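The values are calculated or read from the model by the stated rules, or taken from the named source; none is laboratory data. No experiment lies behind these values; they were computed from the predicted model shown. Every residue, glycine as well, gets a Cβ built from its backbone with ideal geometry; the counts of neighbours run over all protein chains shown. The area values use the complete protein model at the heavy-atom level, side chains included, leaving out ligands, DNA and RNA. Shrake-Rupley method; radii C 1.70, N 1.55, O 1.52, S 1.80 Å.
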Amino acid sequence: APIGIFDSGVGGLTVMRKLIQIMPEENIVYFGDTARVPYGNKSKETVLRYTRQIIRFLETKQVKAIVIACNTASAYALHEVEKELPIPILGVIQPGAIAAVESSRNQRIGVIGTYATIASRAYESSIKKINPQIEVFNKACPLFVPFVEEGMLEDVLTDGIIVRYLEELRNSNIDTLMLGCTHYPLLRSSIEKFMGSGVTCVDPSEVTSLEVKKILQAKNLLNTQNQHPKYEFYVSDSAQKMVEFANMIMPFQIENVQ
Ligand code: DGN
């Protein structure tokens, strides 16, 4: 059985590529809700409804576990839907929080994400649950998403937005910055350049993928004899954008988007 993964759009491919790196023998079904992206400005009720619909779709693909790649959906919906499912379902927030706490020496962590992710304070409460002494500095950076989708990963305009959004965080003496949105790992080197060498960026996708592996291992569901893993892609709008974005960031060319 495959692992199911979904996102509000194409950004979750940054998480899928980590899953592939860490579990190269798993079949994976990706669903991108490209017709309804962005989730980052929508209400909790709406994000929860979309999430339930997508889970129902992934269940028809007989998935053995589900990864919510989208930070916004993880923040708003995971807590509700995990009670409703017989298979493991993981979001990116809690694994990300664990990684950020491990990375921080001075107990000052910055968190960036969409409006919704920041407003939910999900990262902040997960971090503080692990260590209440840690100070968390939040900043919504909604414009990063469209810039990444335009492929402007290294661009003076993107750098300008980075300055505008992150200047305050740079002055707040954080040593760790949580990249709390699927798209932000693609801006990692530009963000790191601006923040300076004293700040470590944390991408939740790696810890999340390791956690998925651990859970599958514990349940004896990990695939180890699969030399030709199958990757299926589904989107709710036209496939074109998905193909372009995927071919920009994935280690292989994709064609079969449905
Ligand atoms: N995938 C969303 C997230 O990680 O929060 C970003 C895209 C969006 O819906 N705005």
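General remarks:
- Any hit, segment 45-58, residues being within 13 Å of the ligand (Cβ to nearest atom) and not β-branched (Val, Ile, Thr): yes
- For segment 164-190, the candidate set comprises residues that are in a helix (DSSP H, G or I) and within 11 Å of the chain's Cα centre (by Cα); within that set, the residue that is farthest from the ligand (Cβ to nearest atom) is Pro185.
- Scan segment 1-57 for residues that are among the small types (Gly, Ala, Ser), under 21 Å from Gln240 (Cβ atoms) and open to solvent by 30 Å² or more (accessible area, probe 1.4 Å) and the total you get is 1.
- Of all residues in segment 208-252, those that are of a type in the set (Val, Ile, Thr), open to solvent by 40 Å² or more (accessible area, probe 1.4 Å) and assigned to a helix (DSSP H, G or I) total 1.
- In segment 100-131, the residues that are touching a residue at least 40 places away in the same chain (Cβ under 8 Å), open to solvent by 10 Å² or more (accessible area, probe 1.4 Å), more than 14 Å from Thr176 (Cβ to Cβ) and of a type outside the set (A, V, I, L, M): Thr114, Tyr115, Ser120
- Boolean, Val156 is of a type in the set (A, V, I, L, M), open to solvent by less than 30 Å² (accessible area, probe 1.4 Å) and more than 23 Å from Ile22 (Cα to Cα): no
- Within segment 192-207, being out of contact with any strand residue (DSSP E or B) (no Cβ under 6 Å at 6 or more places or on another chain), open to solvent by 40 Å² or more (accessible area, probe 1.4 Å) and not in a helix (DSSP H, G or I) holds for Ser197, Gly198.
- For segment 160-180, a residue qualifies if it is more than 23 Å from Arg105 (Cα to Cα) and open to solvent by 10 Å² or more (accessible area, probe 1.4 Å), and the qualifying residues are Gly160, Ile161, Val163, Arg164, Tyr165.
- Segment 76-104: number of residues that are closer than 23 Å to Thr200 by Cα and out of contact with any Phe, Trp or Tyr (no Cβ under 8 Å at 6 or more places or on another chain): 10
- Count - residues of segment 132-165 that are closer than 22 Å to Tyr76 by Cβ, free of Cβ contacts under 8 Å to residues at least 60 places away in the same chain and of a type in the set (D, E, K, R): 1
- In segment 231-251, the residues that are more than 16 Å from Glu150 (Cβ to Cβ), within 20 Å of the chain's Cα centre (by Cα) and among the hydrophobic types (A, V, I, L, M, F, W, C): Phe233, Val235, Met250
- All conditions but one from (1) touching a residue at least 60 places away in the same chain (Cβ under 8 Å); (2) out of contact with any helix residue (DSSP H, G or I) (no Cβ under 8 Å at 6 or more places or on another chain) apply to Ser43; the one that does not is (1).
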